[in-house]
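Chemist: The structure that follows is given in the form of structure tokens.
Every read-out reported here was derived from the displayed coordinates using simple, explicitly stated rules and does not represent laboratory data. A quick note: this is a predicted structure, and the numbers were derived from the prediction, not measured. Cβ placement follows ideal geometry from the backbone for every residue including glycine, while neighbour counts extend to all protein chains displayed.
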Amino acid sequence: MATVVRPARASDRAFIDSLGELSAAASFSILRPAASGVPAESFRRLAAFCFEQPGTVTLVAEHEGRQAGFLILLTSVPDEVTRREQAFVAYMAVEEGARRRGVGRELLRAAENEARARALPHLSLMVTASNHRARTLYGGAGFVEERVQMTKPMQEGAG
Ligand SMILES: CC(C)(COP(=O)(O)OP(=O)(O)OC[C@H]1O[C@@H](n2cnc3c(N)ncnc32)[C@H](O)[C@@H]1OP(=O)(O)O)[C@@H](O)C(=O)NCCC(=O)NCCS
């Protein structure tokens, strides 16, 4: 198979940081445009939080022998509302040149296997409404909407 998903190694860290920082703008809402540098900083904060948690699983996808994407999965952070245990996709990204070749789908499938192996009852994630690529990927993989965050700009044209 052209895509292989494996656990991340220490030597993958530079790849993960660089792709995470480059791709993080996709998670910013069109209602709150981010200043330059903010998405990268937001990814660094998220990654630092994830790597501090026990049970975090980081997966790397190789496509045709080259690093192509990654997924960070939390397995010890319960659902905020119910406090029930879950697996949670904290972040995933695929390199621009490797997109639309099924790499994202394979990463999600591997995350699902990790959740099942731990008998976790749900695999969850958050996605920005305007991130249509990611929403289509998740919908196609069987994810359904559970809660919706709503916001109302307080000023005309507020950003
Ligand atoms: C979202 C993302 C991870 C998808 O990765 P990918 O490897 O391109 O996805 P896949 O090739 O596995 O696509 C699987 C399915 O998702 C949907 N999809 C993916 N990209 C799409 C696009 N640009 N437009 C429409 N549908 C898309 C399609 O249904 C696709 O199946 P198909 O190609 O058979 O039609 C990638 O675009 C990315 O890294 N985006 C920036 C970071 C990001 O948004 N991360 C998610 C944060 S919540």
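Chemist: Need the failing condition index for E85 against (1) touching a Ser or Thr at 6+ places or on another chain (Cβ under 6 Å); (2) away from the ligand (no atom under 16 Å from the Cβ); (3) more than 21 Å from D12 (Cβ to Cβ), just the number.
Modeler: In the conditions (1) touching a Ser or Thr at 6+ places or on another chain (Cβ under 6 Å); (2) away from the ligand (no atom under 16 Å from the Cβ); (3) more than 21 Å from D12 (Cβ to Cβ), E85 misses (1) alone.
Chemist: From L71, L108, grab the single residue that is in a helix (DSSP H, G or I), out of contact with any Phe, Trp or Tyr (no Cβ under 6 Å at 6 or more places or on another chain) and under 23 Å from S23 (Cβ atoms).
Modeler: Within the list L71, L108, the selection yields L108.
Chemist: Can you name the residue in the range 14-43 that is among the charged types (D, E, K, R) and loosely packed, with under 14 Cβ neighbours inside 10 Å and is also farthest from the chain's Cα centre (by Cα) among such residues?
Modeler: Taking the range 14-43 and keeping what is among the charged types (D, E, K, R), we get 17, 21, 32, 41.
Going one step further and asking which of them are loosely packed, with under 14 Cβ neighbours inside 10 Å, we end up with 32, 41.
Values: R32: 20, E41: 16 Å.
Out of the qualifying residues, it is R32.
Chemist: Scan the range 91-103 residue by residue and report those that are in contact (Cβ under 8 Å) with a residue 40 or more places away in the chain, crowded, with 19+ Cβ neighbours inside 10 Å and either small (G, A, S) or more than 20 Å from D12 (Cα to Cα) (or both).
Modeler: A93
Chemist: Now for a separate question. Consider only pairs whose beta carbons are under 7 Å apart and that are at least six residues apart or on different chains; among these, list those whose first residue lies in the range 126-143 and is near the ligand (Cβ under 6 Å from one of its atoms) and whose second residue is of a type in the set (F, W, Y).
Modeler: V127/Y138
Chemist: For K152, which of the numbered conditions (1) in contact (Cβ under 8 Å) with a residue 12 or more places away in the chain; (2) loosely packed, with under 13 Cβ neighbours inside 10 Å fails to hold?
Modeler: Answer for K152: the failing condition is (1).
Chemist: Continuing with this model, one more query. Please specify each residue of the range 8-42 satisfying the condition of being of a type in the set (A, V, I, L, M, F, W, C) and either touching a Leu at 6+ places or on another chain (Cβ under 9 Å) or within 14 Å of the ligand (Cβ to nearest atom) (or both).
Modeler: Filtering the range 8-42 down to residues of a type in the set (A, V, I, L, M, F, W, C) leaves 8, 10, 14-16, 19, 22, 24-26, 28, 30-31, 34-35, 38, 40.
Of everything in the range 8-42, those that are of a type in the set (A, V, I, L, M, F, W, C) and either touching a Leu at 6+ places or on another chain (Cβ under 9 Å) or within 14 Å of the ligand (Cβ to nearest atom) (or both) turn out to be A8, F15, I16, L19, L22, A24, A25, A26, F28, I30, A34, A40.
Chemist: Right, another one. From the list F70, F49, which one is within 29 Å of P153 (Cβ to Cβ) and either touching a Gly at 6+ places or on another chain (Cβ under 9 Å) or surrounded by fewer than 18 Cβ atoms within 10 Å (Cβ to Cβ) (or both)?
Modeler: Values: F70 fails: within 29 Å of P153 (Cβ to Cβ).
None of the others qualify; the one that does is F49.
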